[in-house]
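Quick notes on the structure that follows.
The values are calculated or read from the model by the stated rules, or taken from the named source; none is laboratory data. Nothing here was measured: the structure is a model prediction, and the numbers come from that model. Positions of Cβ are generated from backbone atoms using ideal geometry, with glycine treated the same way; all protein chains shown enter the neighbour counts. To get the accessible areas, we keep the full protein, side chains included, count just its heavy atoms, and leave off ligands, DNA and RNA. Shrake-Rupley method; radii C 1.70, N 1.55, O 1.52, S 1.80 Å.
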Amino acid sequence: MPTAKEIARLESLSTYQTVNHQFDRAADLLDLPAAERTILKSPFRELKVEIPLKMDSGDWRVFNGYRIQHDNSRGPCKGGLRYHPSVDDDEVRALASLMTWKTALVDVPFGGAKGGIACEPQKMSNDERQRLTRAFVRAIDDIIGPHTDIPAPDVNTSAQTMAWVMDEYSARHGYTPAVVTGKPVHLGGSFGREDATGRGVTIITKAAARAFGLNLREARVVLQGFGNVGSHAARLLHESGAKIVAVGDAHGAVFNADGLDITALAAHSAINGKVGGFPGTTPLSPQQLFETECEILIPAALGGVIDADLAAKVKTKLVIEGANAPVTAGGEAILRERGIISVPDILANAGGVVVSYFEWVQNLTEFRWKEERVQVELEETMLRAFGEVAHVADKRDTDLRTAAFVLSIGHVAAASRLRWMN
């Protein structure tokens with residue numbers, strides 16, 4: 001049992017320090033030399049830009065934007081672009097690092113990057129968001145490109161945002177659809193990209209349920225987050241026979257012990273902008289949502305939601321990390337001590353980057369895949385990665401997160417040594 005002092009130390013770690021704590025647990029198993037650890041953990045390029053923007057009101061505001069490239073030893077950097085007030089250099093640095101390990105784990109030829117702008121997009125007009133996006137692209141133009149760094153949608157960004165990015169970049173470099181992924185299909189986007197992350201979460205949830213003796217059709221599922229990832233995961237799990245008893249979003253949560261009608265809930269959310277008020281349900285607070293008894297808990301919104309206090313109260317057997325870094329270091333230690341299995345984010349939510357890779361390939365070859373091919377290739381990739389992680393966890397008698405990092409670090413270290421360490 002971790003001591004209170006150790007839990008407090010873990011909870012004091014920043015998001016980036018938490019990722020490196022996870023890295024070091026795996027590096028210890030690999031006996032990775034200290035110098036190599038420092039090299040592999042350190043981002044190779046960090047860019048912070050200030051973006052002056054004239055608002056619709058006529059007032060000027062300055063927004064901070066970030067693009068951090070963590071590693072490119074295995075290929076061009078790859079990672080999302082998020083718009084959220086919490087965006088800062090520590091968060092973006094952590095997420096860029098996670099992208100390195102995620103792309104390596106599922107063995108797509110990318111490195112890791114992440115970007116973001118500290119803003120409140122819900123309080124901005126469509127024109128303001130477009131002008132902000134285009135100004136940001138101009139500011140980072142020199143360090144992105146189809147063979148350098150390829151952004152994608154993330155929190156509060158969408159296919160439309162990627163269309164603006166592509167258009168602004170193409171104005172300087174000629175028509176370049178491969179500069180971003182997650183684009184609208186009409187602009188070279190891939191069939192199956194919109195639901196790819198949620199589909200990947202579903203594939204991993206099914207695989208984990210089989211591996212750990214849970215009958216998905218008898219399992220109660222609680223899902224936090226009903227955006228792009230959560231809504232698609234909820235729909236696909238519902239179609240697979242799972243009973244989703246509670247769903248939460250940024251405004252509240254709803255519960256029905258007999259299971260929610262996800263199709264009707266999605267329609268209600270689209271009309272009302274929230275899941276709250278859905279007929280036939282009991283409202284829950286965010287705390288109550290996480291304390292709802294279930295077999296499978298899927299945090300699929302923002303990071304850091306399951307801390308040590310909450311990890312001691314969740315009533316589940318399996319956590320599937322649909323969001324990036326949803327469990328703190330202290331929370332992870334508590335879950336491990338309680339015997340609750342956690343499937344790490346770098347595996348569970350990798351479906352988005354897998355299909356982003358497929359989109360990039362289609363753009364470069366100028367040949368579109370059918371959606372059936374995208375889905376088959378995605379499932380094969382995700383199941384292969386899950387099998388490899390489960391095998392390493394069993395072989396080394398460790399948890400799934402550490403096993404995933406063992407595999408990822410091994411791939412990145414091998415590429416780095418071959419390219420320039422030797």
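Could you please find all residues in segment 81-93 being touching a helix residue (DSSP H, G or I) at 6+ places or on another chain (Cβ under 9 Å), farther than 14 Å from residue 49 by Cβ and surrounded by fewer than 24 Cβ atoms within 10 Å (Cβ to Cβ)?
Matches in segment 81-93: 84, 90, 93.
Pick from 125, 190: which is touching a Phe, Trp or Tyr at 6+ places or on another chain (Cβ under 6 Å), at pLDDT 95 or above and not hydrophobic (A, V, I, L, M, F, W, C)?
Values: 125 fails: touching a Phe, Trp or Tyr at 6+ places or on another chain (Cβ under 6 Å).
None of the others qualify; the one that does is 190.
I'm trying to understand the selection: among the residues of segment 252-273, which are closer than 18 Å to residue 228 by Cα and loosely packed, with under 14 Cβ neighbours inside 10 Å?
The answer is 263, 264, 267, 270, 271, 272, 273.
Of the residues 46, 36, only one is in a strand (DSSP E or B) and open to solvent by 10 Å² or more (accessible area, probe 1.4 Å); which?
Numbers: 36 fails: in a strand (DSSP E or B).
The unique qualifying residue is 46.
Filter segment 182-210 down to the residues that are surrounded by fewer than 19 Cβ atoms within 10 Å (Cβ to Cβ) and not in a loop (DSSP other than H, G, I, E, B) and list them by number.
Within segment 182-210, 185, 186, 187, 210 qualify.
Got at least one residue in segment 211-222 being over 24 Å from residue 303 (Cβ atoms), in a helix (DSSP H, G or I) and open to solvent by less than 30 Å² (accessible area, probe 1.4 Å)? Let's see the steps before the verdict.
At the first step, the residues of segment 211-222 found to be over 24 Å from residue 303 (Cβ atoms) are 211-220.
Next cut, in a helix (DSSP H, G or I) only: 211, 216-218.
Keeping just the survivors that are open to solvent by less than 30 Å² (accessible area, probe 1.4 Å) gives 216.
Scanning segment 211-222 turns up at least one residue that is over 24 Å from residue 303 (Cβ atoms), in a helix (DSSP H, G or I) and open to solvent by less than 30 Å² (accessible area, probe 1.4 Å).
Return yes when residue 154 is open to solvent by 10 Å² or more (accessible area, probe 1.4 Å), closer than 27 Å to residue 386 by Cβ and touching a Cys at 6+ places or on another chain (Cβ under 9 Å) and no when it is not.
Values: open to solvent by 10 Å² or more (accessible area, probe 1.4 Å): yes; closer than 27 Å to residue 386 by Cβ: yes; touching a Cys at 6+ places or on another chain (Cβ under 9 Å): no.
Against the criterion (open to solvent by 10 Å² or more (accessible area, probe 1.4 Å), closer than 27 Å to residue 386 by Cβ and touching a Cys at 6+ places or on another chain (Cβ under 9 Å)), residue 154 does not qualify.
Results for (1) out of contact with any Lys or Arg (no Cβ under 7 Å at 6 or more places or on another chain); (2) without any contact (Cβ under 8 Å) to a residue 60 or more places away in the chain; (3) among the aliphatic types (A, V, I, L, M), shown as yes or no for each residue.
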{"residue": "29", "(1), (2), (3)": "no, no, yes"}
{"residue": "45", "(1), (2), (3)": "yes, no, no"}
{"residue": "55", "(1), (2), (3)": "no, no, yes"}
{"residue": "67", "(1), (2), (3)": "yes, no, no"}
{"residue": "116", "(1), (2), (3)": "no, yes, no"}
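From the set of residues in segment 372-390 that are surrounded by fewer than 16 Cβ atoms within 10 Å (Cβ to Cβ) and in contact with a helix residue (DSSP H, G or I) (Cβ under 9 Å, 6 or more places away or on another chain), which is farthest from residue 322 (Cα to Cα)? Spell out the reasoning first.
To start, the set of residues in segment 372-390 that are surrounded by fewer than 16 Cβ atoms within 10 Å (Cβ to Cβ) comprises 372-373, 376, 380, 383-384, 387.
Then keep just the ones that are in contact with a helix residue (DSSP H, G or I) (Cβ under 9 Å, 6 or more places away or on another chain); that gives 373, 383, 387.
Values: 373: 23, 383: 16, 387: 18 Å.
It comes out as 373.
Consider residue 142 carefully, then state whether it is over 22 Å from the mean Cα position of the chain (by Cα), under 30 Å from residue 415 (Cα atoms), of a type in the set (Asp, Glu) and open to solvent by 40 Å² or more (accessible area, probe 1.4 Å).
Working: over 22 Å from the mean Cα position of the chain (by Cα): yes; under 30 Å from residue 415 (Cα atoms): yes; of a type in the set (Asp, Glu): yes; open to solvent by 40 Å² or more (accessible area, probe 1.4 Å): yes.
Taking the combined requirement at face value, the residue satisfies it.
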